[in-house]
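The values are calculated or read from the model by the stated rules, or taken from the named source; none is laboratory data. Here the structure is a predicted model, which means the values were calculated and not measured. Virtual Cβ from ideal backbone geometry, glycine too; neighbours counted across all protein chains shown.
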Amino acid sequence: MPRTMLKALLREKHLTSYRRFKRAYQEAARKLDKNLADSYPSDATYKRWVTGRVKNLPRDEHCVVLEAIFPGWTAAELLAPYVSPEKADDHLRRRGHTARVDRPAGASDAEPAITNGCAGMSLPSWNPEVPADQSYVTQVRVTSQQLIELDNQWGGIEVAGLANRAFRVVRQRVHSGNYLPGAERDLYSAGAELAEVAGWIAFDADRQALATELNHEALHLARLAGDKDIEHLTLLNAGMQAGYLGRTRESILIAQTIIDGGRISPRVHAMSLIRQARAYSRAGSRADSLKAFNQAQSLFLDGVSESDPAWAWWIDAHEIDGQHGAAYSELGDPGRGIPLLYGVVKAAKKETPRYRVVFTARLLSDLIKAQAWRDAQDIAEELAANAGGIGSARAVTLLARTADQINRQPTAPSTLRDTVRHIVQT
């Protein structure tokens, strides 16, 4: 059995000998940049790669070429321990869905299509001889929407790897320069949107380094394309991540850059203020937090505007109430936060974004702090009924803290302890 995914994929391409690998490496490198053709690794380095005896990723030029030889795979994935397709499928089936990589009819061997059995997700195959056109751009945008649907259905934990891989395929196309001149700006805009979606999913999966990387990619492409809508959304994501990681001042400043930039819709302005309000609440600044929330709610009440970006669909009253309730919790005032969170949780529907399970986890924590045992048991049972499908690593982290919290509550009912333990273990 091969030790790494690289070894397995080389075997499929009949490139296991160093001589053949070196030739394939030089061909791929030459297409990217003729100066990279002589950057091939030594025989000893090649052997370390295929046997998994590496501690860090190779140099950047090696990573770029490896990803060109195996489109859709990152260097980190290639050098990771080998996982058989059967084991991967079995793992995913136990979680209620399947994910696979295969080729649609007519696809080039140069770039596998990325598909997911849940939603028929696919990217167009990359035939290096055919420049990307508007139809390619359209399929990239469709991929972003399919990833959003998968994230809403399964959560970031399950979808993050697939989203990252999808963006890598498109990034490689962008870097190749192989697209029609008339499609350039739209391709960069679509790539920015895909990177933003993948970055958000990685954040919710608590893969923070990857989320930061994808946010940077999204901002770079959005600015090259002149796409302010995606730039603003990516900055909102980056601001939320900064607050989550405890960098509250950074979070406030990121949101302020959106506000100071002007020409934003009331809802985008409101969401920027909410990012600041949460940063203030995490920093313990009650007056500043509540002031920002009051301003945000006033802007939200202005209603839908023609200037709202397409992505603003998720900015609704429940989002604002959930963020407001969480802020009260962070300010040490769960009594005010519980009614807001309770309203959000009870209003949840099938189409409610999966990440909002974080609000449910927050509500459970606050109810336990308030020793509202009966209400806490009701919420815990709702979570337990779908424990395997929570999907948000942020929610899982909060629930793990709640389990520790309830163990320190001597008066907590044993049934509630057992239910919370079941959620975390599942």
Practice problem: Quick one: which residue in V137, V174, V170, V197 is within 9 Å of the chain's Cα centre (by Cα), modelled with pLDDT of 90 or more and in a helix (DSSP H, G or I)? | Solution: V197
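Looking at L233, L224, which is the one that is at pLDDT 95 or above, part of a helix (DSSP H, G or I) and buried (at least 23 other Cβ atoms within 10 Å of the Cβ)?
Working: L224 fails: buried (at least 23 other Cβ atoms within 10 Å of the Cβ).
When all the criteria are applied, what remains is L233.
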Quiz item: Just one of D33, D43 is acidic (D, E), surrounded by fewer than 16 Cβ atoms within 10 Å (Cβ to Cβ), modelled with pLDDT under 85 and not assigned by TED's automatic domain parsing to the domain that holds V169; which is it?
Solution: D33
Quiz item: Since G303 meets every condition but one in (1) crowded, with 17+ Cβ neighbours inside 10 Å; (2) not in a helix (DSSP H, G or I), which condition does it not meet?
Solution: (1)
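Can you confirm whether R247 is of a type outside the set (S, T, N, Q), free of Cβ contacts under 8 Å to residues at least 40 places away in the same chain and closer than 23 Å to A202 by Cα? Quick ask: steps written out before the conclusion?
Values: of a type outside the set (S, T, N, Q): yes; free of Cβ contacts under 8 Å to residues at least 40 places away in the same chain: yes; closer than 23 Å to A202 by Cα: yes.
For R247, the condition - of a type outside the set (S, T, N, Q), free of Cβ contacts under 8 Å to residues at least 40 places away in the same chain and closer than 23 Å to A202 by Cα - is met.
Of E213, E217, which residue is among the acidic types (D, E), modelled with pLDDT of 95 or more and within 16 Å of V174 (Cα to Cα)?
Values: E213 fails: within 16 Å of V174 (Cα to Cα).
Answer to the check: E217.
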Quiz item: Is at least one residue of the range 386-395 surrounded by fewer than 18 Cβ atoms within 10 Å (Cβ to Cβ) and of a type in the set (D, E, K, R)?
Solution: no
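Being in a helix (DSSP H, G or I), under 24 Å from the mean Cα position of the chain (by Cα) and of a type in the set (K, R) narrows it down to one of R374, R421, R362, so name that one. Write out each step before concluding.
Numbers: R374 fails: under 24 Å from the mean Cα position of the chain (by Cα); R421 fails: under 24 Å from the mean Cα position of the chain (by Cα).
After applying the criteria, what remains is R362.
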Quiz item: Of all residues in the range 51-79, how many are buried (at least 22 other Cβ atoms within 10 Å of the Cβ) and β-branched (V, I, T)?
Solution: 1
Self-check item: Single match in T402, T352, T411, T397 (criterion: in a loop (DSSP other than H, G, I, E, B) and under 29 Å from W200 (Cβ atoms))
Solution: T352
Quiz item: Of (1) over 21 Å from S144 (Cα atoms); (2) surrounded by 24 or more Cβ atoms within 10 Å (Cβ to Cβ); (3) modelled with pLDDT under 95, G262 satisfies all except one. Which?
Solution: (2)
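Identify all residues within the range 249-293 that are among the hydroxyl-bearing types (S, T, Y) and within 16 Å of H324 (Cα to Cα); write none if there are none.
Within the range 249-293, the first condition is being among the hydroxyl-bearing types (S, T, Y), and the residues that meet it are 251, 257, 265, 272, 280-281, 285, 289.
Across the range 249-293, the qualifying residues are S272, Y280, S281, S285, S289.
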